[in-house]
Structure formats: C-alpha cells, structure tokens
Ligand code: PMP
C-alpha cells in the first residue's frame, strides 16, 4: 500500500494489522466484545476531514479523531514544524533550571489568548493529567497558605475529566463502576441537564435549584474544606450537556462567595470548537482561576495538555517556601510545543474560530433538524460539539433497553455509509474537524437521517 511511512515495516493488510492488534489493550472498550470478528476498525491514513480504513474505505471523520483534530488531518504546516523542531532539538525537559524555546513561546502565546490573568502555564501530556495536576497544584497552593483543610473537589454527575486515579474520581460515578477510585476527595453536584432532569420546572427555576443544591452541599461540607469546583463548560463525554444559560456565571459567583477556586476543563471546548480559542469568557462569561486544555491545542498531532493558572496562584506557589514537586518528563516536549504553536498559527491565519461561528452553527442546525425523527429525543450541543439522544417514546422520554445498544446500531449504519460517529449508550456524539465544508455538513446530515431511519425500520424485529 502507499500509506505506510517509509522506513517502518508496518503490517499492511487488515488481517495482519488485527493479528498484531491482539496484543494491544484498547482504551475505554468492551475488551470482550473486541474479540469478535469485525469488531475493530484499523485506520491507516487521513487527510483533511477524511480517514481511510485498512479495507480502503474512505470515511468522514465525524469525531475529529477524539474531539481533537480541529484543523483537519495532514496539515503540512504542523507536520513540518514538528519535523523542523525535532531536527533542531529532539528533546529536552522543562525540569529544574531548564527550558527551551518552543515550550517558552507556547506558554507565552497561551497567556495572550487566555482570559483574565491566566498568564502561567504548566504543561503535561493529557487532559487527565492536566486536571489531576490542577487539583494537586491547588492543594499545594493552600498548603503554602497554611489552609491545610482545603482539599475537597466539587464536580458534577455527568462530568468527564479523565482516567487517572483522581480524574476518574472527578468523572461521573458510573464510569468508574468496577474500579477503585480516589474516594472521599470528590463530591458530585447535580447534572445540569434541563431536558432530562428539569421535571416540571422552568429552565430558570431549574437553574435556581442547581445553585441551591450547590450552596447546600458547600454548607454541608464546609467551605474551609473545599479546594475547588471543576467543570466542563459543556459536558462532553457525559452526553454533550449544555447547562442552562447563566449557570457557569452563577457557579463562579458562588465559588467566589465561599472562596473556592473555579477550574474550567476546556479540554474539548477550547481551540475553536465553540468558535473561540477559549469558551470560558467568550461564551460563558466566566473568568476561571484555572483552565485545563489538551486535544485541540495541537489538533491531536502531538500529545500535549496544559494547566493554566492565574498570576495570583503562581505567586503563592513560587514563593520562597520550597520546591514545586510536580511535573512529567515530557511536559512541554519540544515536538508537542512546536505542534501547538504551528496549530495556533494556522488557526489564526485561517480565522478558524471565526469561521466556526458560521459553519459550526450550520452544523448545529443541520443536526437539530433530525429532531423530527420519531426516536430522536433531544439534539443538543453547540457548534461542532453535538449529541443526539435516542428515545423509545418521545413523550415520556423513555429509553430503549440498554442491551439494544441503540447508539451503536446507528453508528454502525453510519459507518457503512461513510461516516464515523461515536456511540455512547443511547447517545450519538459528533465532534468533527472544524474545517468541514457546507457540502460535507449536508452529507453528514443525510447519512445520519438515513442511518437513524433504517435502524428505526429494523426496530420491530429488534423488540422495540
Ligand atoms: N477532560 C475532558 C473534558 C475530556 O473530554 C477528556 C478526554 N475526552 C479529558 C479531560 C481527558 O483527556 P485525556 O484523554 O487527554 O487524558
């Protein structure tokens, strides 16, 4: 095949790839289900908004790799920047007294793009680690201030913050079913999902109830014991939940009132997905004390994450009371930092966030138009971050039996028709590259409509 890079003796046929793959432990997968023939898809090449599987099928990448390939695949500008950086300086760390130009320049660039006084940047390698680090850094911050009881974290049901020991504890509880987690530190507030949880309240009443619940929990736990609130501006892997208007601002006000730090997990929402480099201020009118980012920071070309903090937090942790004992070998890796710089430069040159405000809205509206289908309960999200929730009965919002795996049925049909979408139980998630054309957006809309209708037609035989 012409797709294997020169110099690497990679398996080429589907059979050879899957034979080798028997040794790979996939992430977030039904490892037993993966043993079935045909369960796995090997992706061998990608260009623009398309990927190619090992059987030669070209598919629209409706999930942008994993909510991350924001500028599309195969962009020369980023690849060249990585290659150039590696040939000048392949690796040096940012430990001890060392630094290097790429990490320094990217930190400076992020400080100019981030809201408020989020001028200090600690790099890591994944969103999970950036979130874990945020809490760890805040614990250290409070230690230095002599406020040693401030350890607890407020998260929400429905959150996804990663899969390290602490970040999975901050994630929605069912995701850690069957696994141990960092018990005791994290408390989960209510999921801010009006359509499912709003009962007979108005949206404004529902918002009041969420804030009241948060206030009650804070009073119960004691503000002197709480380090921070952490939240995604729009919940992603928890099912693309957009909170009621004004929610984040009210949460931040409550945090400020009780002297609790407000951490925004922008791993998905930053770098253009909602039409801005950062969504916290531009979309949600908040000024977090910390923002964590990953994914879109390099558009996935290199693994990179960052924990941004205010000058005030940095001032405390850089005081004279000892060493900052935190950090990973590859934090700010030269190749990753170069990828981040080239990716941001490309986004600026092509005005990608601004374009998303138009094409992302078109995408959103195209998906919303699927709401007329019988089994589509709610289409939700914003711009290029969308979810479709399927229901057995629209009026009662009753779900299909879990074992039917309705999301997977629709995702399979869509893949047969040339689109990768991500099933999540009874929800289907779309988070494509931000450079989709109008024609591709229309095509995604029609593939999804056809796929859902076909699954619906088959449902009587599937015991609907
Ligand atoms: N936070 C959010 C909002 C995420 O969506 C994810 C990953 N999907 C993470 C954190 C964890 O990032 P990573 O997988 O890079 O560790």
Whether any residue in the range 98-121 is within 16 Å of the ligand (Cβ to nearest atom) and at pLDDT 95 or above is what I want to check.
no
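Here's the yes/no breakdown for (1) under 22 Å from residue 262 (Cβ atoms); (2) within 16 Å of the ligand (Cβ to nearest atom); (3) in contact with a strand residue (DSSP E or B) (Cβ under 7 Å, 6 or more places away or on another chain):
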site	(1), (2), (3)
178	no, no, no
195	no, no, yes
200	no, no, no
205	no, no, no
209	yes, no, no
223	yes, no, no
233	yes, yes, yes
239	no, yes, yes
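Out of curiosity, is residue 265 surrounded by 24 or more Cβ atoms within 10 Å (Cβ to Cβ), more than 16 Å from the ligand (Cβ to nearest atom) and closer than 30 Å to residue 343 by Cβ?
Values: surrounded by 24 or more Cβ atoms within 10 Å (Cβ to Cβ): yes; more than 16 Å from the ligand (Cβ to nearest atom): no; closer than 30 Å to residue 343 by Cβ: yes.
For residue 265, the condition - surrounded by 24 or more Cβ atoms within 10 Å (Cβ to Cβ), more than 16 Å from the ligand (Cβ to nearest atom) and closer than 30 Å to residue 343 by Cβ - is not met.
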Count of residues meeting criterion [farther than 14 Å from residue 324 by Cβ, surrounded by 24 or more Cβ atoms within 10 Å (Cβ to Cβ) and under 19 Å from the mean Cα position of the chain (by Cα)] in the range 103-128:
4
Just give me the residues in the range 153-168 being surrounded by fewer than 21 Cβ atoms within 10 Å (Cβ to Cβ) and more than 12 Å from the ligand (Cβ to nearest atom), in sequence order.
157, 165
Answer yes if at least one residue in the range 392-404 is in a helix (DSSP H, G or I), in contact (Cβ under 8 Å) with a residue 24 or more places away in the chain and surrounded by 18 or more Cβ atoms within 10 Å (Cβ to Cβ), and no otherwise.
yes
Answer with yes or no whether residue 296 is within 16 Å of the ligand (Cβ to nearest atom), within 24 Å of residue 166 (Cα to Cα), surrounded by fewer than 24 Cβ atoms within 10 Å (Cβ to Cβ) and not assigned by TED's automatic domain parsing to the domain that holds residue 423.
no
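Taking strands (runs of 3 or more DSSP E) that do not extend beyond the range 19-87, which have at least 3 residues that are touching a residue at least 60 places away in the same chain (Cβ under 8 Å)? Break it down stepwise before answering.
On the way: elements: 43-47, 50-53, 58-61.
Once the strands (runs of 3 or more DSSP E) in the range 19-87 are filtered for at least 3 residues that are touching a residue at least 60 places away in the same chain (Cβ under 8 Å), what remains is 58-61.
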Pairs with Cβ under 7 Å, 6+ apart, first in the range 208-225 and in the same structural domain as residue 248 (by TED's automatic domain parsing), second surrounded by 13 or more Cβ atoms within 10 Å (Cβ to Cβ) and assigned to a helix (DSSP H, G or I):
210/247; 211/250; 211/254; 214/251; 214/254; 215/254; 218/258; 223/258
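Being in contact with a strand residue (DSSP E or B) (Cβ under 6 Å, 6 or more places away or on another chain), in a strand (DSSP E or B) and under 21 Å from residue 345 (Cβ atoms) narrows it down to one of 264, 306, 270, so name that one. Break it down stepwise before answering.
Numbers: 264 fails: under 21 Å from residue 345 (Cβ atoms); 270 fails: in a strand (DSSP E or B).
Exactly one residue qualifies, and that residue is 306.
The values are calculated or read from the model by the stated rules, or taken from the named source; none is laboratory data. Model, not experiment: these values are computed from the prediction. Please note: Cβ atoms are built from the backbone with ideal geometry, for glycine as well, and neighbour counts cover all protein chains shown.
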